[in-house]
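The values are calculated or read from the model by the stated rules, or taken from the named source; none is laboratory data. In this text the structure is predicted, and so the values were computed from the model without any measurement. Neighbour counts are summed over all protein chains in view; Cβ atoms, including those assigned to glycine, are modelled from backbone coordinates with ideal geometry.
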C-alpha cells in the first residue's frame, strides 16, 4: 500500500520510456548469462560500462560497490565475486541478488534533481552540485513547489537553474519540466537523480536514480508500469508465513498483514484493525517486552470466515512452535468496531483455535480476548465457551475494559514459570 | 470555511449508497430526536433512480434515489454534505463533481487506496472552493446529537453507551477511523462525552488534517477541550505544535501518537495505514509525542495512560468551572432490526414459503439432496433429473428412460396442431420468444395435449374397481364424459400411431407389469367396435403406462400415486416435452422472417 520503492533498473526503464531516452540499462541477477548478454546487446563489445548493486540501498559508492568505466569482462568478474554474498549497508545485512549495468558516460558536470510529492504540491529541487557530495553543498540547492495539477512555469524553471551557465539553462530546464510531467503521468511519489548529466550529444543521462511509486494508483497504470516489481527493503527476508499471508492479502479485498518480529517470542498478537494493531504492539513495547513480541499483524476490511481462519492458523502455527515449557500468550485484540460483525470474524479464528488445541496446550499458550462492536456479545460468548471446551485458558473482555488491558495480563503470564 | 460543518438540520447526499450505513445514520437521527432524517437523497450513479425504503424509528420512509449527483443536488439544494461511498477507482471524479457543486460544502470519502495524486488534486480544489474533505480511508465522524457519517460509531447500543445521542464538551480528531469508536467509548467513560469527532483517515495526505479540525474546533464554543490520536509517519503533529506556539490553539489538548513500537522492527515498516510508515526519526511516534509534550500538550506515557490523562484534564476543567457537565438524556427506544433480533435468538417468525425439492444455499446446489457434482459426474440424464425434482427420488433406469421417451415422443407434432399454430402466429406478429412459446403453451388443455392426467385417472380408477372394459365404457357414456386418451382425428385401427406402438413395445419389454396398459387395450378393443378411430391415442398410452410405471416400480404409495395424477404431474410431462417443439417453431419463424399472418376472409363464414 501507498509508497513503494522500486529498483533503479525499473525506474530508469519507466523514465526512459516516458521521456523517449535511450538508457540501455541491463538488469543482472543469478540467472543472467553474460555470454548471451553480449549477443543481445552488441554495443557492449565496444562500450565501457558501469555496474553496481540494485537493491534499494544508497551509499553504494561509499561502500565500494560501484565499478566505473570498465569492460564487460571486468564487470562480469565484479558481479560474480559479489552475487549471492552478504553485504552490510548501514548496519543491515543481506545477500546481493540484483545488479544494474549501463554504459559509462564520461562527464564533468554532475547535477542533482529531485521531485517529491508533498501535501502542498510537488517539491522540485535542483542543484548544480550533484553526486556524492550534494549534502555538503546544500547551499546550491534551489527548491520550488509546483501545484499538483500544474507543471513548473518558465519563471520558476529559470529560477531553479539560475546557477547554471547561460548556454546550459535551456536544456536543463526543459529536462526538469519533462521529468515533472513524467512524475505526474506515472504516479511517482519520489524521483531523485543524483547525479544526472548531459552526454556528449547533449542528451540528459541519469547516472543514478531513485523512484518511489504510489502503488494505490496501480489500477491506472497496469500498462505503463509494465509489471514493475516492488521488492522488500534490503536485508528484509520474508518468512514463509509472511509470504503466505502476503499472498492471502493480495487475493482479497480485505486486509491481512503479518510481520514476524521474533519467531521465538512468547507474546503473539492477532488484532483487528490497522490502528488498534499498532497500539497493541506499542503497549507491549512500552511495557518493556518488545523483544518477547512474536509478530506484528492486523486483519481488517471484513475478511470472510475462510480468510480469517487461514490467517489465524498461520499465527497459531508460529506461536506454538517448539514448546519450551515456558508460558506464552496470544492477544486476540481489537477496538470497538464500527461495522464489522465481531461474532462472524471470530468464527474463523475459533475454527483455527479448535484445530490447534493440542499445540496450544503443549506450548502453554494462554489466550486473552478483548473486542467490541456489532454483535460483540455473541462473539465474546463463543470465545468464553471455547475456553472450557478446549481446556485452553481464555480470558475474555468487552468494551467495558480498556483496549490494552489484556496486555499487562499477558505480560504477567509470560513472566511466570 | 465555517467552524461548524454539521447541525441538527444538516442533510447529506449519499453517493453510491449502501443500505446498512444509510440505516445506521437514520437510527442515529432517531436516537437524537432529529425532526428530519440526516439524509436528503441517495445517488446510485447510472441508475434510473427511484426510491429506497428505510426505517426512521419504527416507521418506514422513502428516500429518493437519483442516477446522478447533479440531479440529486438540484432537487435537494439544502443538502450540503456529500458522503462518497465510491470505490478507490472512482472516488476522484465523483468527489470532484461534488466539490464543484455550489450546494455542497463538505465531502466525505470513505474508500481506502485513492491515489495520492488524485487526493492531492482534490484537496487543492477544495481549498480553492473553501470546502472541506474528510478522508479518504475513513469511517467519517460524528457530531454528537446532531449528525453522523455513515458507519461511524456502529450500532445503536454503542451510540447510546458512548452518549453520542447528545452533545458533550470534547472535540476529537484521529487518523484512524477504526479507533475513533474506541475513543468515543473512552471519552464517554472519562468525560461528559463527545461534541464532535472526526477521523481524517490513514492516508499520507488526507483531504483535511488533524490540525485543520482542531482549528475549526477552536471556533466552536461548546467544545471545551480537545483530544488527538495521531500516528507515526508524516508531520501533521508538528503542525499542531506550531499552531500552539503561534497561539492559534488555545483550548486544552490531550494527545497520543501511536507507533512507539516502530523501533523494535528489524527494518522500516509500513503499518496498516498508508500514512503510517516508519523511517525518519522526526516522523517517529516518540519524537512527535515529545514535541507535543514540550509544546504543553498533555501526553501520557503510553496508550494505556491516555484515558487517565483525558480524565485528569476534564476533571480540572470541571473544577475550574470551564465545563459544566452535560446532562444525560434518555434516548428513545430504537426497535431492533428483525435480522439482528433473529441473530440474537430473540424472535422467531413462521416462514412464508416452503420448498422441498432442492437447496441452493450450500457450497453447491442440490437436487433432492443430490449434490450437483454427483449429478454431473455420475452422468444423470434429464429423466434422472426429472425423477429427482418432480418425484423427489431416484427412479430405476428403465423408468427414467421411459420418462425421456415420453419427452422425445411428445416434443413436437408438426406445425398444424393448435399449440404450434398459435406459437407460429405469435412469432409472425413479431413477439419475443417467451411470448411466442407462452402463446402455444396456453393452448394446452383438455382438448390439446391435456388428456394424459385424465386417462391415467379414469383407467386406473376403473381397473382398480374391477370394472369390465365394456362396463367402463358404458358408465362413461352414461355420465356424458368422453374417455380421455381414446380417439384420434387421423389415426385409426388400420393406420396405427407409430408412437403408441413404440411406447407399448418398450413397456412390454421393460416394465415389471403392464396391468393398466392391458386394461386400456381391452377398452380399446371395445371402442373400436363402435368406430375405427377410437384407438388408444398417445396421451392415453402415456397416461396408463405412467400408472403402470408407478405401480410396478413399488416406489410409490397408493396415496402418492393418486396425488401425482390429481395435481397434474403427467400433463407436466406434455408441457415440458412440447416446449421443446414450440421453441423450435418460434425460432424457425423468426429465422425465416415470416411476415404478419392474417387469416383469409373467405375462410370465415361471417354470419348474423
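If you check A:190, A:213, A:164, A:151, which single one turns out to be within 14 Å of chain B (Cβ to nearest Cβ) and out of contact with any strand residue (DSSP E or B) (no Cβ under 7 Å at 6 or more places or on another chain)?
Of A:190, A:213, A:164, A:151, the one residue that is within 14 Å of chain B (Cβ to nearest Cβ) and out of contact with any strand residue (DSSP E or B) (no Cβ under 7 Å at 6 or more places or on another chain) is A:151.
Do we have any residue at all in segment B:5-21 that's in a loop (DSSP other than H, G, I, E, B), farther than 19 Å from residue B:131 by Cα and within 14 Å of chain A (Cβ to nearest Cβ)?
Within segment B:5-21, one or more residues are in a loop (DSSP other than H, G, I, E, B), farther than 19 Å from residue B:131 by Cα and within 14 Å of chain A (Cβ to nearest Cβ).
Yes or no: residue A:241 more than 10 Å from chain B (Cβ to nearest Cβ) and assigned to a helix (DSSP H, G or I)?
Yes.
Looking at the structure I just gave you, is residue A:350 within 16 Å of residue A:368 (Cα to Cα), in contact with a helix residue (DSSP H, G or I) (Cβ under 8 Å, 6 or more places away or on another chain), surrounded by fewer than 24 Cβ atoms within 10 Å (Cβ to Cβ) and at pLDDT 90 or above?
yes
Can you name every residue in segment B:209-229 that is within 11 Å of another protein chain (Cβ to nearest Cβ) and surrounded by 24 or more Cβ atoms within 10 Å (Cβ to Cβ)?
B:229
Wholly within segment A:1-110, which strands (runs of 3 or more DSSP E) include no fewer than the required count, namely at least 1 residues that are touching a helix residue (DSSP H, G or I) at 6+ places or on another chain (Cβ under 6 Å)?
A:3-6, A:26-28, A:49-53, A:67-70, A:99-103
Residue-wise test of (1) surrounded by 11 or more Cβ atoms within 10 Å (Cβ to Cβ); (2) farther than 27 Å from residue A:135 by Cα; (3) modelled with pLDDT of 95 or more.
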position: A:58; (1), (2), (3): yes, no, no
position: A:65; (1), (2), (3): yes, no, no
position: A:88; (1), (2), (3): no, no, no
position: A:95; (1), (2), (3): yes, yes, no
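Hey, could you check segment B:337-374 for residues that are closer than 30 Å to residue B:157 by Cα and assigned to a helix (DSSP H, G or I) and say which is nearest to the chain's Cα centre (by Cα)? Write out each step before concluding.
Of the residues in segment B:337-374, the ones closer than 30 Å to residue B:157 by Cα are B:337-351.
Now narrow it down to the ones that are assigned to a helix (DSSP H, G or I): B:338-343.
On the way: B:338: 16, B:339: 14, B:340: 17, B:341: 19, B:342: 18, B:343: 18 Å.
Looking at the filtered set, the residue picked out is B:339.
Just to be sure, is residue B:104 under 26 Å from residue B:168 (Cβ atoms) and assigned by TED's automatic domain parsing to the domain that holds residue B:181? Step through it out loud before you land on a result.
Working: under 26 Å from residue B:168 (Cβ atoms): no; assigned by TED's automatic domain parsing to the domain that holds residue B:181: yes.
No: the conditions fail for residue B:104.
From the set of residues in segment B:280-307 that are without any contact (Cβ under 8 Å) to a residue 24 or more places away in the chain and within 12 Å of chain A (Cβ to nearest Cβ), which is nearest to residue A:280 (Cα to Cα)?
B:304
Filter segment B:510-539 down to the residues that are touching a strand residue (DSSP E or B) at 6+ places or on another chain (Cβ under 6 Å), within 24 Å of residue B:413 (Cα to Cα) and in a helix (DSSP H, G or I) and list them by number.
B:520, B:524
Need at least 2 residues that are within 11 Å of chain B (Cβ to nearest Cβ) per element, so show me which strands (runs of 3 or more DSSP E) inside segment A:266-383 make the cut, counting only ones lying wholly within it.
The strands (runs of 3 or more DSSP E) meeting that bar are A:295-300.
Only one of these is under 39 Å from the mean Cα position of the chain (by Cα), under 30 Å from residue B:222 (Cβ atoms) and more than 10 Å from chain A (Cβ to nearest Cβ): B:322, B:334. Name it.
Just a single option satisfies the conditions, and that option is B:334.
For segment B:177-199, which positions are in a helix (DSSP H, G or I) and more than 9 Å from chain A (Cβ to nearest Cβ)? Outline the logic, then answer.
So the first thing to find is which residues in segment B:177-199 are in a helix (DSSP H, G or I), and the list is B:178-190.
Within segment B:177-199, B:187, B:188, B:190 meet the criteria.
If we keep just the residues of segment A:247-259 that are surrounded by fewer than 15 Cβ atoms within 10 Å (Cβ to Cβ) and away from chain B (no Cβ under 12 Å), which is nearest to residue A:316 (Cα to Cα)?
A:247
Looking at segment B:22-34 only, could you name the residues that are under 26 Å from residue B:219 (Cα atoms) and either away from chain A (no Cβ under 14 Å) or surrounded by fewer than 22 Cβ atoms within 10 Å (Cβ to Cβ) (or both)?
B:29, B:32, B:33, B:34
Grab the helices (runs of 4 or more DSSP H) fully contained in segment B:401-481, keeping just those with 1 or more residues being in the same structural domain as residue B:520 (by TED's automatic domain parsing) and over 39 Å from the mean Cα position of the chain (by Cα).
Filter on segment B:401-481 gives B:418-428, B:451-465, B:469-479.
Out of all the residues in segment B:508-524, which are over 14 Å from residue B:459 (Cβ atoms) and either surrounded by 12 or more Cβ atoms within 10 Å (Cβ to Cβ) or not assigned by TED's automatic domain parsing to the domain that holds residue B:555 (or both)?
B:510, B:511, B:512, B:513
For the subset of segment B:163-176 comprising residues that are at negative phi, more than 8 Å from chain A (Cβ to nearest Cβ) and in a loop (DSSP other than H, G, I, E, B), which member is farthest from the chain's Cα centre (by Cα)? Show your work before the answer.
To start, the set of residues in segment B:163-176 that are at negative phi comprises B:164-176.
Next, from what is left, pick out any that are more than 8 Å from chain A (Cβ to nearest Cβ): B:164-173.
If we keep only those that are in a loop (DSSP other than H, G, I, E, B) as well, we get B:164-169.
On the way: B:164: 31, B:165: 31, B:166: 34, B:167: 36, B:168: 38, B:169: 41 Å.
Restricting to residues being at negative phi, more than 8 Å from chain A (Cβ to nearest Cβ) and in a loop (DSSP other than H, G, I, E, B), the top hit is B:169.
Out of everything in segment A:217-238 that is within 28 Å of residue B:118 (Cβ to Cβ) and assigned to a loop (DSSP other than H, G, I, E, B), what residue ends up being farthest from the other protein chains (Cβ to nearest Cβ)?
If we take residues in segment A:217-238 being within 28 Å of residue B:118 (Cβ to Cβ) and assigned to a loop (DSSP other than H, G, I, E, B), then A:227 is farthest from the other protein chains (Cβ to nearest Cβ).
Report yes if some residue within segment B:445-461 is touching a residue at least 60 places away in the same chain (Cβ under 8 Å), surrounded by fewer than 21 Cβ atoms within 10 Å (Cβ to Cβ) and over 30 Å from residue B:591 (Cα atoms); otherwise report no.
The answer is yes; a qualifying residue exists.
Mind listing just one residue for me: the one in segment B:252-274 that is surrounded by 17 or more Cβ atoms within 10 Å (Cβ to Cβ) and more than 45 Å from the chain's Cα centre (by Cα) and, of those, nearest to the other protein chains (Cβ to nearest Cβ)?
The extreme case among them is B:264.
So which residues in segment B:80-123 are within 14 Å of chain A (Cβ to nearest Cβ), in contact with a helix residue (DSSP H, G or I) (Cβ under 6 Å, 6 or more places away or on another chain) and under 16 Å from residue B:21 (Cβ atoms)?
Within segment B:80-123, B:86, B:109, B:111 meet the criteria.
If I filter segment A:226-245 down to residues being closer than 27 Å to residue B:205 by Cβ and buried (at least 20 other Cβ atoms within 10 Å of the Cβ), which single residue comes out as farthest from the chain's Cα centre (by Cα)?
Step by step, filter segment A:226-245, then rank; the result is A:228.
Take residue B:202 and decide whether it is assigned to a loop (DSSP other than H, G, I, E, B), assigned by TED's automatic domain parsing to the domain that holds residue B:121, out of contact with any strand residue (DSSP E or B) (no Cβ under 6 Å at 6 or more places or on another chain) and at pLDDT below 95. Don't jump to the end; show me each part of the working.
On the way: assigned to a loop (DSSP other than H, G, I, E, B): yes; assigned by TED's automatic domain parsing to the domain that holds residue B:121: yes; out of contact with any strand residue (DSSP E or B) (no Cβ under 6 Å at 6 or more places or on another chain): yes; at pLDDT below 95: yes.
Against the criterion (assigned to a loop (DSSP other than H, G, I, E, B), assigned by TED's automatic domain parsing to the domain that holds residue B:121, out of contact with any strand residue (DSSP E or B) (no Cβ under 6 Å at 6 or more places or on another chain) and at pLDDT below 95), residue B:202 qualifies.
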